[in-house]
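Trainee: Dumping the structure here so I can ask a few things about it.
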Amino acid sequence: MADSSGDHADDRREEELEVESNYKPPPEKTIEQILEADKDDESLRKYKETLLGEAKSGGIVVDPTDPRKVIVKKLALCVAGRADMELDLSKDLTQLKKQTFVIKEGVSYRIRIDFIVQREIVHGLKYIQKTYRLGVPGVTVDKMTHMVGSYPPKTEIQSYTTPAEDAPAGVMARGSYTVSSLFTDDDKHEHLKWEWSFDIKKDWKE
């Protein structure tokens, strides 16, 4: 939700998107292939086994009724000194817009995504977010792309938290916004796509 009024901010975004478009993901590998590579290097082999943990045994399935490798569970808006504002992404996504976050203008915040990885390692997870101003259809006021990384399957929830960012401030910034979020990966698999809303106000209690 960075202020999009400055030319420098637009230039930075264009440069980031250009870098992203030139990025070529590495070939996807199974757990077995990762363990097999460099198997003669004892220290490297032990490091990989420690890193992969229980995933090296293969077949980790947290929810057998869900065929996805990545199950996105929750989005949280995190502000220091305040309780996290959370969206449950395991329920009806069409109802999310009814739960509107209130954000104080100029506050520093982070976004945390909680997810489960099952069955196989997932390579190059990415979180992409586009923000639109309510009443200004079709105009993106901000876009963020965060490289989340590669994750092995685990029985417990794993998390990614974005770097801190400042909400815009001032009379012109106050108002209602809608956000289109996408959790994807290097192979362009859409693990989850959802929309949510927030209001920027002068203070938390408005």
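Trainee: Please report Thr155, Thr65 as a ranked list, fewest other C-beta atoms within 10 angstrom at the top and most at the bottom.
Mentor: In increasing order of surrounding Cβ atoms, one gets Thr65, Thr155.
Trainee: Which ³J(HN,Hα) values, rounded to whole Hz and listed in residue order, are derived for region 171-176 from phi using the Karplus coefficients 6.51, -1.76 and 1.60 in 6.51 cos²θ - 1.76 cosθ + 1.60 with θ = phi - 60°, glycine and proline given as x?
Mentor: After applying 6.51 cos²θ - 1.76 cosθ + 1.60, I find 4, 5, 7, 5, x, 9 Hz.
Trainee: Under the rule of at least 5 residues apart or a separate chain, name every residue whose amide H is placed under 5 Å from the amide H of Val102.
Mentor: Those qualifying (amide H under 5 Å, at least 5 residues apart or on another chain) are Asp199.
Trainee: Counting only residues 5 or more places away or on other chains, whose amide H sits under 5 Å from the amide H of Val122 once H atoms are built in the peptide plane?
Mentor: For Val122, the qualifying residues are Tyr151.
Trainee: Can you sort Trp204, Trp194 from fewest to most other Cβ atoms within 10 Å of each residue's own Cβ?
Mentor: Least to most surrounded, the residues fall as Trp204, Trp194.
Trainee: Distance in nm between label sites at Val61 and Thr140, each 7 Å beyond Cα in the beta-carbon direction?
Mentor: 3.7 nm
Trainee: Could you derive backbone 3J(HN,Hα) for region 185-190 from the dihedral phi with the Karplus parameters 6.51, -1.76 and 1.60 (θ = phi - 60°), listing whole Hz in sequence and x where the residue is Gly or Pro?
Mentor: Coupling constants for region 185-190: 8, 4, 8, 6, 6, 8 Hz.
Trainee: Counting other C-beta atoms within 10 Å, which of Val79, Val148 has the fewest, and how do the rest follow?
Mentor: Least to most surrounded, the residues fall as Val79, Val148.
Trainee: Counting Lys +1, Arg +1, Asp -1, Glu -1, what net charge surrounds Val139 among other residues with beta carbon under 12 Å of its beta carbon?
Mentor: My count for the surroundings of Val139 gives +2.
Trainee: Another one. List the residues, sorted by chain then number, that are 5 or more residues from Lys154 or on another chain and whose placed amide H is less than 5 Å from its amide H.
Mentor: Val117
Trainee: Have a look at region 96-206 and give its Rg and Dmax from the Cα atoms, expressed in angstrom.
Mentor: Rg and Dmax of region 96-206, Cα atoms, are 15.6, 49 Å.
Just so you know, all these numbers are worked out from the coordinates, no wet-lab data involved. Fair warning: this is a prediction, and the values are worked out from it, not measured in the lab. Counting neighbours? That spans all protein chains shown, and the Cβs are built from the backbone with ideal geometry, glycine included.
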